[in-house]
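Notes follow the structure.
Here, each number is a calculation from the coordinates, and none is a lab measurement. All of these numbers come straight from a predicted model, not from anything done at the bench. Ideal geometry is used to build each Cβ from the backbone, glycine not excepted, and the neighbour counts take in all protein chains shown.
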Amino acid sequence: MSPITGTPILTAAEMRSAEAAHGDSAFLMEQAGQGIAGAIRRLVAGAEVLILCGPGNNGGDGYVAARLLREQGHAVRIAAAGEPKSDLARAARTRWDGPVEPLAEAQPAPVLVDALFGTGLSRPLPDGVATDLHRLAEAARFRVAIDLPSGVASDDGCCLSMVPRFDLTLALGSAKPAHLLYPAAGLMGEVRLIDLGLAPVSRASVMRRADLPEPGPASHKYSRGMVAVVAGRMGGAAELAAVSALRAGAGYVLHLGGRDPKGAPHAVVRRRWSAEALDDVRIGAVVIGPGLGRDDDARARLDAVLASGRPLVIDGDALHLLDPDAPRGAPAILTPHQGEFDALFGKGEGSRIDRARAAAARSGATVVLKGPDTVIADPDGRVIVATGGSPWLSTAGTGDVLAGATGAMLSAGLSPFDAATAAVRLHGRAAVACGRSFIADDLAAALSRVR
Ligand SMILES: NC(=O)C1=CN([C@@H]2O[C@H](COP(=O)(O)OP(=O)(O)OC[C@H]3O[C@@H](n4cnc5c(N)ncnc54)[C@H](O)[C@@H]3O)[C@@H](O)[C@H]2O)[C@@H](O)CC1
Ligand SMILES: [K+]
């Protein structure tokens, strides 16, 4: 059992291909059952376990785990809604020599293990099954989902039925989109991987520790990275972005336009807005959007920034003015939240992973689709999904902080995809370091601490 940090994310179809490529599904199910039984034995200190087995291979995993637990002297019962339907699950059922209780009559146990449905769920659970799952989950002290909680759609993290809250989800062989994407991700409890030796390959993966650019003895302020932040109507947002760029590690931040607020850090260099200011070849990234406004002046600034040929971070208001299909002369990172994303790219089909990936391919920009499950997508098809942020990030100005931090990483010479990944990681860590009920200024300050 290991954390899913850094692991590939596979859709249900990709999981089936990985299983087929391996060639020995019975062996994989035995491996899964061993991993599940081992994890449960370590975690529940001898408490009685009730395993709910479904008709497919998720149920099969449940029968194997039950047999192994029983062989090891652990108190375990099985309840099922019917007979297994897949050959593998039937074989696993045959090797279980204990009783199988009808699900509707099953009495609760302190530990509930849900092996009803996994990646094969294609429609809502039958009413009776959902009711029994809830009844037994509510009565248990510890709830474990095998692969996925029954009722969640593996590929997009939607709930096809009402899903109870679990304490632990044991992802089999690989992470799936639902382990990362909300609402499903919020119901899983801890997610741990049981390695089946599949060596799965995917262009999408779970975020891991990011390598941040470090200054060396020969570093100077321009080599650390020079960021220009273009301000607009609401000065505070651009201030936050500018300070955050510095605190994330930029060597020089130029704040273009907007007033000089009292008490603002002296480390930020301020000039009036002019398109010519962007001619400075030392500028490694331009951040535009926080507090920009959406009037003619804002549009003129965005046009000048797009024409400058400098690498760009496009956020907030600038996303409302941008034509995502217009060719750009330089790499760009777009940082929309879901509302901005929908306005820019349309509602679209598929999971947040699919949609961010399609948007990156369409716009030729790295897309950071922000949320509790931030998805970073590159035009080349790579995707990283972030974990471990904080729900307290849902406060005004935190997006401006991320835009500034992203500018810092881009100006330091990271590729847009690596820059976005590093910034999202740093931003999430800073949020956790801030604890609860923080404000965006605290978050900006915390960037220095977590670096
Ligand atoms: N892919 C792999 O490499 C491995 C998969 N394994 C297990 O296999 C699972 C996937 O197995 P399956 O593809 O058999 O899928 P499931 O076990 O998730 O369920 C599929 C079965 O349920 C039926 N079904 C789907 N939705 C239903 C609903 N709402 N109501 C009633 N019946 C419904 C389907 O017709 C099918 O019979 C994984 O989640 C995992 O637990 C493991 O055994 C190990 C290896
Ligand atoms: K399950």
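Observations, loosely collected:
- Cβ crowding within 10 Å averaged over residues, with 35-46, 238-249 ranked highest first: 238-249, 35-46
- Largest-first principal axis extents of the Cα set of the chain (Å): 79, 41, 38
- Local electrostatic count at residue 177 - Lys and Arg +1, Asp and Glu -1, tallied over other residues with Cβ under 12 Å: -1
- Rounded if a/c under 1.5, otherwise prolate or oblate - the range 142-248, Cα gyration tensor axes: prolate
- Residue-count net charge about residue 163 - beta-carbon cut-off 15 Å; Lys, Arg +1, Asp, Glu -1: -2
- DSSP beta bridges fully contained in the range 221-450 are about 20 percent antiparallel.
- For the range 95-141 versus the range 382-451, the spacing of their alpha-carbon centroids is 40 Å.
- Three-way shape call for the range 1-155 based on the alpha-carbon gyration tensor, with the a/c threshold at 1.5: rounded
- Helices in the chain, meaning DSSP H runs of at least 4 residues, each add -39500 (n - 2.57). Divided by all residues, the mean residue ellipticity at 222 nm is -11500 deg cm²/dmol.
- Residue ranges 132-144, 191-203, 419-431, 270-282 sort as 419-431, 132-144, 191-203, 270-282 when ordered by packing (mean number of other C-beta atoms within 10 Å per residue, highest first).
- Cα extents for the range 221-450 along the principal axes, largest to smallest and rounded to whole angstrom: 45, 41, 32.
- Bridge type composition, the chain - antiparallel percent by DSSP, nearest 5: 15 percent
- Count of Lys pairs (Cα-Cα under 24 Å; at least 8 positions apart or interchain) in the chain: 4
- The chain: relative contact order as a whole-number percent, Cα under 8 Å and 6+ apart: 13 percent
- Whole-angstrom gap from the range 238-287 to the range 298-332, using each part's C-alpha centre: 17 Å
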